[in-house]
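Any read-out appearing in this document is the output of simple, stated calculations on the displayed coordinates, not a laboratory observation. Since the structure is predicted, the reported quantities are computational estimates derived from the model, not experimental observations. A quick note on method: Cβ atoms are made from the backbone with ideal geometry, for glycine too, and the neighbour counts reach across all protein chains shown.
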Amino acid sequence: MFKGSVHFNDPAGNSVKQYLAAHGAVFNATTSYDRTHYYATLGTQSLEGYVAIEADRMRNLWLHDADKQAEMTVVRNEFERGKNNPNNVLHEEVQAAAFMAYPYHHSVIGWKSDIEKVSVEQLRSFYDTFYWPNNATVSIVGDIEPAVALALVMKYYGGIPRSPHPIPEVVTEEPEQTGARRVTVNKPGQLGSVEIAYKVPSALQADLPALEVLGEVLSNGKNSRLYRTLVDEDLALEAGAGVESLRAAGIFVVTADLSPGAAHEKVEQIMLAQIEKIKSEGVSADEVNQVIHQYRAEQAYGRDGTDAVISDLNEWISAGDWTQYIRYPDSIARVTPADVQRVARQYLAVNQSTTGWYVPETSK
Amino acid sequence: MIISTSNHFFGSIRFGGCISVGVLMIMASISHAADISKRIVRTSIAGIDVIAYPTDIKDVVTIAGALPAGDALATDNIAIASLTGMMLDKGTESMDKFAVAKQLDQVGAQLHFRVGEQALSIRARSLKADLPLVLRIMADELRHPALSAGEFAKAKIEFSGSVQQRTDGTEYRAAEAFSRAVFPAGHPNRQPSIDEWHSAIDNASMAEMKKFHEQFYGPAHMVLVLVGDLDIPKIKAEIKKDFGGWSGGLPYRSAPKATASNTPVDHVVFLAAKTSVTVLAGEATGLQFRDSDSLPLRVGMAIFGSGFTSRLMSTVRDKEGLTYHIGASIADDTFNDGDWRINATFAPSLLDKGMASTQRELQRWWKDGVTLPELEARKNDLIGSFQVGLATTDGMAGTLLSTAQRGLPLSWVDDYPRSVEAVTLDQVNGAIRRYVDPGKLVIIRAGSVGDDAAASR
């Protein structure tokens, strides 16, 4: 998508990179499980030129085999850089084990052999399937009158037709998990880590706010349960918990980076014990209220700059309902201690878990 | 560009090929660059250099601060500065760490300390109503940390573990080796080795830590920048109340300039089973940020290695496909002379090709210089991205802090676009020839160098 389109490209001196750099923009693109987004933060006076380029590359992209060849090794190096990080490797293996059938089984960047062997015809097919206006949302945030922004989008995207075929939906359903799963990663390294994942509902489901509060109670700050039992006891350098909510499903992940000398078994037992304690005894109103206040403050911080606003908004668009950008804070504020205990009981069952250990082989 | 979220409108509509369009209008007051310094309030309160910049954002205040208490100042035991910094949020004389954290967490306020080469950095963020609480806790943690034996023992374990964790990272190991090859012993930018860290942590004592805190923690050279929804008279009163009566503090450490190596260095840090090699290549510049040749060299370096349109990215990545990331920049020149460096990653099997391409581009840039069209395009990029960076409270606070730390007047923020515009082609190409010498390059490669099969497992 950065190799040029019919009307905007390097030889013409007006490619997306050249245009945005010449206008002092901060720009890039990211891919995730459900969506790809292209973004730029730039002065209002430069917006029209950027909209024109984005509209052109939606349907007029250059897809040359020579460009694909050069880009393959670029993306492979991105993949290789990710593999340098032990926790990335562990998380990919845990997620691949947790999801057997649904496409979330695959990491976002894909497998090395797929990167190396994908053909330009396959890229063309993907592009022609998904890059259509009826499968896209343009978001514009900043110092601009809505009517002006909408007119710009109409001007450049208005002539692009709908896709000739319906945008395909994923029909695969994840089968029911029939027992606890485990993975172990052995690679040269220094310190171990443990990750426990549980499949949870998709981003728009009603239990997500309570699961998000549960993650914060477990891991946010020095008074969190995992800090007190793992980090403060010198068993972990860091511990985390949270829900990764996606369009079709999510996972609730609990992690710990082991301190020198700490045993995987002991750390895992403590992580599980803390979850069981919440299931049996619940959480306090103080704990929940604290998370709600923190979330309110985070909402204010999240309005600090257009890029913060648009990245948050985009994730809700990807999840399927942009109005959650406005409504979700109220959903968090309505979470009760009973909700947190209920979702812990409902979703964090051992026989629905996938546990991963990173066990380093000593190297120098 | 200063942005307010006081009024906003969200519209959503579908048209054309049914694309969805969302427009969130944020009423923004565009501050032209020349307006910034006029709105800054700078004053000394209780000996602290306080810089306040009010913006139109509602309810949010961001703080960036620093004082000289970094690793380079701990000359007896190199681990003491970091260990002292780690103790700040581990309780005060009047509250344990859980009580302190609870006060901040209950209102969603953030307060963090980080020890760098020269400075203890302070970052905080809160809602406007909670700023007095944040300032009070910040002052208590800086002035009256508990410094208990139990927490000190925990800090040593945590620090030792984090050093051990870094041992396996190609980026950290490349940076460590690069700084040790470029800067002589005793230079503030020279990083300790992994073994030196472990030895220092093992030997660190409570007495050394308490002595370091007493010597270096004070208002004398501390800068505190506040940006956002500010009630400035109230903030002044709070700072005076919380920090009044505090004394002490020593300046940042200056050191003789490092000189470029007389002979090239090519060093490998081997790490097993790494699928990507990190490369750092560069030299000492002998320049500080505020030196007159610094800006022309920075502009030339940006043409060479900053962003997607730089020479390195457009050739080594885009045309030849040899790397995901390659860039070039100037670093570590805030308090003393710094370095310039190329930073890249390559698959072990493409390392030789990648290095050859990088060297070719370096030679071309150094020998032929940059062109006038490149210079003009880069000026727009530098000015525009600088202004985008000032559009958040965090970006503005960080810029004002670094401006003060560099010993520059705050009007530099207004002057920067004009300074960039004024840079000439001769200045840029002259600076490249004066401060870069490809024949004396220090090259560090960290990863599974020469072990392609193991790296691809």
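The modelled label-to-label distance between A:Ile167 and B:Ser411, using points 7 Å beyond Cα along the C-beta direction, is 5.4 nm. Legend: P(r) of segment B:34-243 from all alpha carbon pair distances, 10 Å bins from 0, whole percents, reading 8, 31, 32, 21, 8, 0. The relative contact order of segment B:265-455, computed from alpha carbon pairs under 8 Å that lie at least 6 residues apart in sequence, is 41 percent. Using only Cα atoms, locate the centre of segment A:73-124 and the centre of segment A:236-285, then give the distance between them in Å, rounded to an integer. Taking the Cα centre of segment A:236-285 as reference, the centre of segment A:73-124 is 25 Å away.
When Rg and the Kirkwood radius Rh are both evaluated on Cα atoms of segment B:265-455, their ratio Rg/Rh stands at 1.00.
Once the chain from B:Arg364 to B:Glu196 is taken as fully extended at 0.36 nm per residue, the excess over their C-alpha distance is 56.6 nm. Taking packing as the residue-averaged number of other Cβ atoms within 10 angstrom, the listed peptides A:156-164, B:440-448 run from highest to lowest as B:440-448, A:156-164. Counting Cβ atoms of other protein chains within 10 Å of each residue's Cβ and taking the mean over peptide B:122-130 gives 2. Checking the cross-link pairs B:Lys90/B:Lys240; A:Lys68/B:Lys353; A:Lys112/A:Lys187; B:Lys38/B:Lys240 against a 21 Å limit on the alpha carbon distance flags B:Lys90/B:Lys240; B:Lys38/B:Lys240 as lying beyond it.
Each peptide in A:2-14, B:218-230 gets a packing score, the mean of other Cβ atoms within 10 Å over its residues, and the list from highest to lowest is B:218-230, A:2-14.
Here A:Met100 and B:Arg166 are evaluated by their C-beta separation; at R0 = 51 Å the FRET efficiency comes out at 0.90. The angle between the Cα long axis of helix A:337-347 and the longest principal axis of the Cα atoms of chain A comes to about 80 degrees, rounded to the nearest 10.
Separation of segment B:274-341 from segment B:36-106 is 31 Å, based on Cα centroids. Using only Cα atoms and rounding to the nearest 10 degrees, what angle (0 to 90) does helix A:146-157 make with the longest principal axis of chain A? Helix A:146-157 sits at roughly 70 degrees to that axis.
Per the Debye formula on identical point scatterers at the alpha carbon atoms of segment B:65-107, with no solvent, log10 I(q)/I(0) at q = 0.15, 0.30, 0.31, 0.32 Å⁻¹ is -0.50, -0.96, -0.98, -1.01. Distance cut-off 23 Å, Cα to Cα: go down the list A:Lys83/A:Lys117; B:Lys102/B:Lys211; A:Lys222/B:Lys234; A:Lys222/A:Lys266; B:Lys211/B:Lys236 and report the pairs above it. Result: B:Lys102/B:Lys211; A:Lys222/B:Lys234; B:Lys211/B:Lys236 exceed 23 Å.
Using just its DSSP H runs of length 4 or more, each adding -39500 (n - 2.57), the protein assembly as shown gives a mean residue ellipticity at 222 nm of -13000 deg cm²/dmol after division by all residues. Both radii are taken from the alpha-carbon atoms of segment B:144-246; with Rh as the Kirkwood radius, Rg/Rh is 1.09. Highest mean first, the peptides B:250-257, B:407-414 sorted by other C-beta atoms within 10 Å per residue fall in the order B:407-414, B:250-257. Angle of helix A:120-130 to the longest C-alpha principal axis of chain A, folded into 0 to 90 degrees and rounded to 10: 80°. Within the same chain, lysines fewer than 8 places from B:Lys257 are excluded, and of the rest, those with a Cα less than 18 Å from its Cα are B:Lys440. Quotient of the Cα radius of gyration of segment B:407-450 and 2.2 N^0.38 Å, N being its number of residues: 1.90. Of the residues B:Leu401, B:Leu425, the one with the fewest other Cβ atoms within 10 Å heads the list, and the complete ranking is B:Leu425, B:Leu401. Per-residue mean of foreign Cβ neighbours for B:275-283 is 3 (Cβ atoms of other chains, 10 Å radius). The H on the amide N of A:Ile140, modeled in the peptide plane, is under 5 Å from the matching H of B:Gly22, B:Val23, B:Leu24, each at least 5 residues off or on a different chain. A Förster radius of 25 Å combined with the Cβ-Cβ distance from A:Ala333 to B:His112 puts the calculated FRET efficiency at roughly 0.45.
Computing Rg and the Kirkwood Rh from the Cα coordinates of chain A gives a ratio, Rg/Rh, of 0.99. Which residues does the label zone of A:Ala29 cover in segment A:122-148, counting backbone N under 11 Å from a point 7 Å along Cα→Cβ? Output list for this probe position: A:127, A:131. Sorting the Cα pairs of the protein assembly as shown by distance into bins of 20 Å, from 0 upward, gives 14, 47, 37, 2 percent per bin. Mean projected area of the convex hull spanned by the Cα atoms of chain B, taken over all viewing directions: 25.2 nm². The calculated FRET efficiency for the pair B:Glu214 and A:Asn87, based on their C-beta separation and a Förster distance of 56 Å, comes to about 0.90.
With the simple model of a label 7 Å out from the Cα in the direction of the Cβ, B:Glu376 to A:Gln346 spans 6.3 nm.
Across peptide A:139-150, the average count of Cβ atoms from other chains found within 10 Å of a residue's Cβ is 6. Within segment A:16-157, the percentage of alpha carbon pairs spaced more than 21 angstrom apart rounds to 56%.
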